[in-house]
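See below for the structure under consideration.
The values are calculated or read from the model by the stated rules, or taken from the named source; none is laboratory data. This is a predicted model, so every value here is computed, not measured. Positions of Cβ are backbone-derived with ideal geometry, glycine not excepted, and every protein chain shown enters the neighbour counts.
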Amino acid sequence: MMDLYGASALVVDGNPTSRSILVAQLRDMGARTVAQSPRIADARRQLEFRTFDVVVCEQNFPNDRGTGQELLDDLRRAGLLPFATVFIMVTAEASYARVAEAAESALDSYLLKPFTANQLAQRIGQARHRKAVLKDIFDAVEAREFERAAQLCLRRFEQRADYWLYSARVGAELLLRLQRFDEAQRLYEAVVAAKALPWAKLGVARAQLDAGQPQKASATLHNLIGEDASYADAYDVMGRAQIELGNFDAALAAYQMATELTPHSISRLQRHGMLAHYCGQTERAEELLSRSVRLGLDSKMFDAQSLVLLGFMRLQASDRKGLQRYWEDAQRMLERHPDSRRLQRLAEVLEIALLLHDAQVARVLAKLRTMMAELLDETFDFEAACNLTTLLAYVAQRAIQIDEVEQRLTELGRRFCTSKALAALLAQAAAPHPPYAVRLMALHHEVLGIIERAMRQSLAGNPRAAVLELLQQGADTRNAKIIESAWGVLKRYEVQITDAAALAEQIQPWRQRYQSFANRPLIGDKAARQAGGVSLRVMDIKTVETD
């Protein structure tokens, strides 16, 4: 029998008899401590704040909200499972193929009931062996030596050494994170050719999406969903693709399918609810986001932006009590992570909304002016822009005058209207005051005009002038699309530009500062791991001290 001498374990099972049997089996294997949890929510809290060597989790919880798969999915999304933890799923459903996929995604295994203690020990032993064999890869990731880790994965895949398929998956994930999208896509395609696995096909779509090819990604995802209509991660990625294409109704439909497949997933409820809010589906958004609050307000997977959007809904309904509750919830989250600039901003947004409800005009204006002063700072992101836009729209709705609002709205639009999709989301954020929505869409066309004028110079045989104009406009507006266009023209015509190297040195700091090469219309916390990938814990953990 597998020796777990000195190890710690957690058993998650709603059936007391099954739970006691599993506890006894793990103790017989030598586990030092074996914790128990009869409910999904309790298990989530334990796994968020404690580290276990082994977790054995039941798939089905008939009297509980959620499943073992949803727990596993949310934990790996948030990067809360250390590499060393063995996660074993148990189920009585032999046909439940997705359990195998979920277990594989989290590095480990699953067991069909009924099983013996020896079978459980064998699965735990196999999982621990895999972790031992791949220790060099895990150590490289933990040391943040991502390039070395990727090369180790590629070597194991090419040699078809033990666990080569899993190594390919980790390697492709690393390549995506390193923004080497073409290499990641080729690796996923090689896995599909060797063994047509759903995660590899989804990986192809993710690589296409990250490489700026949402139309191709959408086609790949349509085929994958046609083959397996129950693959929740595929709907998550389809939602991303449709948002990038500006097809918000299609994105909502994809997120709807994901939440129907996993109705107790905190992250999916929030993503679906946030998009519903920006698409004007207020009642649906409030239902979804309120459910996420009930399920996981104290969870590390909970995103405080949900509180902000719910707070806006309560402001619109003139519900001070509800607005106050969400502000207090945000304050409690901030107390746990006082150095998080993102949480500070979200709490400030709710405080301003509360002051606006109470008609404390002078304090509202003072705080809004402080917030608007940060508009061009690199840490002021698209989420912050949407929240500020909504606050300004509510202020205008109440006929409160801000002298500089036109100038600030122009600065905001010129910076953040980087694509049709992002401009549309900003315009939706301005819905309480429609003239602002119209103005923001006009600013998107202004940004397109700036790029088109510069491009005409390059077509006329003067690409250097185009680069200089785009660089100047990018520096003035901080617009990621303009900055990246300057880089694109430079790389395309660098042979014809005598001082291309010097210009590259000028553009690169702007690209790094405003992350123009990674400009994507993501909904929710941009630090959260994207659907479909392996949990690379060091890369996934949200560094709340610095965000």
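Could you run through the range 36-63 and say how many residues are in contact with a Gly (Cβ under 8 Å, 6 or more places away or on another chain), assigned to a helix (DSSP H, G or I) and not hydrophobic (A, V, I, L, M, F, W, C)?
So the count comes out to 1.
Of Ser306, Ser265, Ser290, Ser230, which residue is of a type in the set (Gly, Ala, Ser) and over 27 Å from Arg342 (Cβ atoms)?
From the options Ser306, Ser265, Ser290, Ser230, the qualifying one is Ser230.
Kindly establish whether Gln324 is farther than 30 Å from Gly79 by Cα and polar (S, T, N, Q).
When the stated conditions are applied, Gln324 passes them.
Please go through (1) modelled with pLDDT under 75; (2) touching an Asp or Glu at 6+ places or on another chain (Cβ under 7 Å) for Ala97 and return the number of the only condition it doesn't satisfy.
Only one criterion in (1) modelled with pLDDT under 75; (2) touching an Asp or Glu at 6+ places or on another chain (Cβ under 7 Å) is unmet by Ala97, namely (2).
For the range 398-429, name all the residues that are touching a residue at least 40 places away in the same chain (Cβ under 8 Å), out of contact with any helix residue (DSSP H, G or I) (no Cβ under 6 Å at 6 or more places or on another chain), in a helix (DSSP H, G or I) and not charged (D, E, K, R).
Those that are touching a residue at least 40 places away in the same chain (Cβ under 8 Å), out of contact with any helix residue (DSSP H, G or I) (no Cβ under 6 Å at 6 or more places or on another chain), in a helix (DSSP H, G or I) and not charged (D, E, K, R): Leu422, Ala424.
Determine, yes or no, whether Met257 is modelled with pLDDT of 95 or more, under 15 Å from the mean Cα position of the chain (by Cα) and of a type in the set (A, V, I, L, M, F, W, C).
Taking the combined requirement at face value, the residue does not satisfy it.
I'd like to know if the range 281-295 contains one or more residues that are more than 30 Å from Arg50 (Cβ to Cβ), out of contact with any Ser or Thr (no Cβ under 8 Å at 6 or more places or on another chain) and crowded, with 23+ Cβ neighbours inside 10 Å.
Yes: the range 281-295 contains one or more residues that are more than 30 Å from Arg50 (Cβ to Cβ), out of contact with any Ser or Thr (no Cβ under 8 Å at 6 or more places or on another chain) and crowded, with 23+ Cβ neighbours inside 10 Å.
Considering each of Ala366, Ala353, Ala359 in turn, give the residue that is small (Gly, Ala, Ser) and either under 18 Å from Asp298 (Cα atoms) or buried (at least 20 other Cβ atoms within 10 Å of the Cβ) (or both).
Ala353
Quick one: which residue in Gln208, Gln270 is touching a helix residue (DSSP H, G or I) at 6+ places or on another chain (Cβ under 8 Å), over 26 Å from Ala149 (Cβ atoms) and modelled with pLDDT of 90 or more?
Gln270
Among the residues of the range 342-350, is any of a type in the set (Val, Ile, Thr), surrounded by 17 or more Cβ atoms within 10 Å (Cβ to Cβ) and under 26 Å from the mean Cα position of the chain (by Cα)?
yes
Which one of these is of a type outside the set (Phe, Trp, Tyr) and in contact with a Phe, Trp or Tyr (Cβ under 6 Å, 6 or more places away or on another chain): Leu288, Leu350, Leu343, Leu261?
Of the residues listed, the single one that is of a type outside the set (Phe, Trp, Tyr) and in contact with a Phe, Trp or Tyr (Cβ under 6 Å, 6 or more places away or on another chain) is Leu350.
In the range 444-465, what count of residues is obtained for those that are without any contact (Cβ under 8 Å) to a residue 24 or more places away in the chain, farther than 18 Å from Glu411 by Cα and assigned to a helix (DSSP H, G or I)? It would help to see each step written out before you state the result.
Taking the range 444-465 and keeping what is without any contact (Cβ under 8 Å) to a residue 24 or more places away in the chain, we get 445, 448-449, 452-453, 456-457, 459-462, 465.
Subsequent filtering for residues that are farther than 18 Å from Glu411 by Cα retains 452-453, 456-457, 459-462, 465.
In the following step, the residues that additionally are assigned to a helix (DSSP H, G or I) were identified as 452-453, 456-457, 459, 465.
So the answer is 6.
Run down Leu376, Leu365 and say which single residue is within 26 Å of the chain's Cα centre (by Cα) and on the phi < 0 side of the Ramachandran plot.
Residue meeting the stated conditions: Leu376.
Give the range 67-79 a look and list any residue that's assigned to a loop (DSSP other than H, G, I, E, B) and buried (at least 22 other Cβ atoms within 10 Å of the Cβ), or say none.
Going through the range 67-79, the residues assigned to a loop (DSSP other than H, G, I, E, B) turn out to be 67, 78-79.
Thr67, Ala78, listed by residue number.
Cβ-Cβ under 9 Å, sequence separation 6+ or interchain: first residue in the range 155-166 and among the polar types (S, T, N, Q), partner exposed (fewer than 12 other Cβ atoms within 10 Å of the Cβ) and modelled with pLDDT of 90 or more. Which pairs?
If the second residue must be exposed (fewer than 12 other Cβ atoms within 10 Å of the Cβ) and modelled with pLDDT of 90 or more, no pairs are left.
Restricting attention to the range 246-277, which residues are of a type in the set (Gly, Ala, Ser) and either free of Cβ contacts under 8 Å to residues at least 40 places away in the same chain or buried (at least 24 other Cβ atoms within 10 Å of the Cβ) (or both)?
Ala250, Ala251, Ala253, Ala254, Ala258, Ser265, Ser267, Gly273, Ala276
Of all residues in the range 278-305, which are touching a residue at least 40 places away in the same chain (Cβ under 8 Å) and out of contact with any Asp or Glu (no Cβ under 6 Å at 6 or more places or on another chain)?
Tyr278, Cys279, Gly280, Leu295, Gly296, Asp298, Ser299, Ala304, Gln305
Test Ile523 against the criterion of being at pLDDT 60 or above, within 26 Å of the chain's Cα centre (by Cα) and not in a helix (DSSP H, G or I), and give yes or no.
It is true that Ile523 is at pLDDT 60 or above, within 26 Å of the chain's Cα centre (by Cα) and not in a helix (DSSP H, G or I).
Identify the single condition in (1) surrounded by 21 or more Cβ atoms within 10 Å (Cβ to Cβ); (2) closer than 25 Å to Gln242 by Cβ that Leu409 does not satisfy, given that it satisfies every other one.
Going through (1) surrounded by 21 or more Cβ atoms within 10 Å (Cβ to Cβ); (2) closer than 25 Å to Gln242 by Cβ one by one, Leu409 breaks only (2).
Of all residues in the range 430-443, how many are farther than 18 Å from Met372 by Cα, in a helix (DSSP H, G or I) and aliphatic (A, V, I, L, M)?
Number satisfying all stated conditions: 3.
Filter the range 132-175 down to the residues that are surrounded by 18 or more Cβ atoms within 10 Å (Cβ to Cβ), charged (D, E, K, R) and under 26 Å from the mean Cα position of the chain (by Cα) and list them by number.
Hits for the range 132-175 are Arg169, Glu173.
Would you mind stating whether Ala385 is under 19 Å from Ile243 (Cβ atoms), in contact with a Phe, Trp or Tyr (Cβ under 7 Å, 6 or more places away or on another chain) and either at pLDDT 95 or above or not in a helix (DSSP H, G or I) (or both)?
yes
Which number in (1) at pLDDT below 90; (2) within 19 Å of Phe138 (Cα to Cα); (3) of a type outside the set (Phe, Trp, Tyr); (4) more than 25 Å from the chain's Cα centre (by Cα) marks the one condition that Leu178 misses?
(4)
Taking Glu374, is it among the charged types (D, E, K, R), part of a helix (DSSP H, G or I) and out of contact with any strand residue (DSSP E or B) (no Cβ under 6 Å at 6 or more places or on another chain)? Write out each step before concluding.
Working: among the charged types (D, E, K, R): yes; part of a helix (DSSP H, G or I): no; out of contact with any strand residue (DSSP E or B) (no Cβ under 6 Å at 6 or more places or on another chain): yes.
Considered against the rule, which asks whether it is among the charged types (D, E, K, R), part of a helix (DSSP H, G or I) and out of contact with any strand residue (DSSP E or B) (no Cβ under 6 Å at 6 or more places or on another chain), Glu374 comes out as no.
Quick check on my filter: what residues within the range 176-203 are buried (at least 17 other Cβ atoms within 10 Å of the Cβ) and touching a residue at least 60 places away in the same chain (Cβ under 8 Å)?
Residues satisfying the conditions are Leu176, Arg177, Pro198, Trp199, Leu202, Gly203.
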